[in-house]
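J.: Take this structure first; my questions come after.
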Amino acid sequence: MARPLHSGAAHGLPMKDISIELKRRPGELARVTAMLARHNVTLKAGTALAIGPHLVARFIPSDLDAARAALDGAGIRFDESEVVAVVVESRAGELASLTSRLTEAGVTLRAIYITATTGDRVHLAIAPDNVARALEVLDQTMPAV
């Protein structure tokens, strides 16, 4: 079963992800990652997918303010979502159970990240459309692991 760890980073600030949509052309992802690097931003987790003529990238930055500054400075539009850290057992069906419980409660997930694995546990960060409801569901329906 899964359990929520917290909805923020260790120092109590909200943990957020960033979503950007770029034109799918050579060098676009390199341009964004170079901007982030110049602002000393590393990625805790992320993905980039080519969808039709666009490249969609989502990531959890090490420094949200620096990531904002980098993207703003480059004129790149982005969206932010709060993410919730969750730990699940590393076995078949755990992700299905987690997503089913959230779905039954009317929570839609925008993204799921694997942020670490330790022993028989998988550490996830989920980006729900309703953070408060997701935390409530996880606290009520998911026993601690």
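Since every read-out is calculated from the coordinates, none of them should be taken as a lab result. All values reported here derive from a predicted model rather than from experimental measurement.
J.: Between helix 131-141 and the chain, what is the angle of the helix's C-alpha long axis to the longest principal axis, kept within 0 to 90° and rounded to the nearest 10?
T.: 30
J.: May I ask you to evaluate 6.51 cos²θ - 1.76 cosθ + 1.60, the Karplus curve with θ = phi - 60°, for each residue of the stretch 99-108 and list the ³J(HN,Hα) values in order in whole Hz, giving x for glycine and proline?
T.: Each residue of the stretch 99-108 in turn: 5, 5, 4, 5, 4, 4, 8, x, 9, 9 Hz.
J.: A further question on this structure: Enumerate the calculated ³J(HN,Hα) couplings along the stretch 80-95 in order (Karplus 6.51 cos²θ - 1.76 cosθ + 1.60, θ = phi - 60°), each rounded to whole Hz, writing x wherever the residue is Gly or Pro.
T.: 10, 9, 6, 10, 10, 7, 9, 10, 10, 6, 8, 7, 4, x, 5, 5
J.: What number does the chain give for Rg over Rh if you use C-alpha atoms and the Kirkwood radius?
T.: 1.00
J.: Would you please give the residues with an amide H less than 5 Å from that of N130, counting only those at least 5 places away or on a separate chain, with H modeled from the backbone geometry?
T.: T108
J.: Another question, if that's okay. What are the residues whose amide H is under 5 Å from the amide H of A45, where those residues sit 5 or more places off or on another chain and H is modelled from the backbone?
T.: Close amide H contacts, sequence-distant or interchain: I60.
J.: Along the stretch 61-75, what does the Karplus equation 6.51 cos²θ - 1.76 cosθ + 1.60 (θ = phi - 60°) give for ³J(HN,Hα), rounded to whole Hz, x for Gly and Pro?
T.: Per residue, the Karplus-derived 3J(HN,Hα) values read x, 5, 9, 4, 5, 5, 5, 4, 4, 4, 5, 4, x, 8, x Hz.
J.: Same structure, new question: Relative to the first principal axis of the alpha-carbon coordinates of the chain, what is the inclination of helix 28-38, with its axis defined by its Cα atoms, in degrees from 0 to 90 and to the nearest 10?
T.: So the helix axis and the longest Cα principal axis differ by about 80 degrees.
J.: Continuing with the same structure: Pairs of Cα atoms under 8 Å, at least six residues apart: use those to get the relative contact order of the chain, whole percent.
T.: 32
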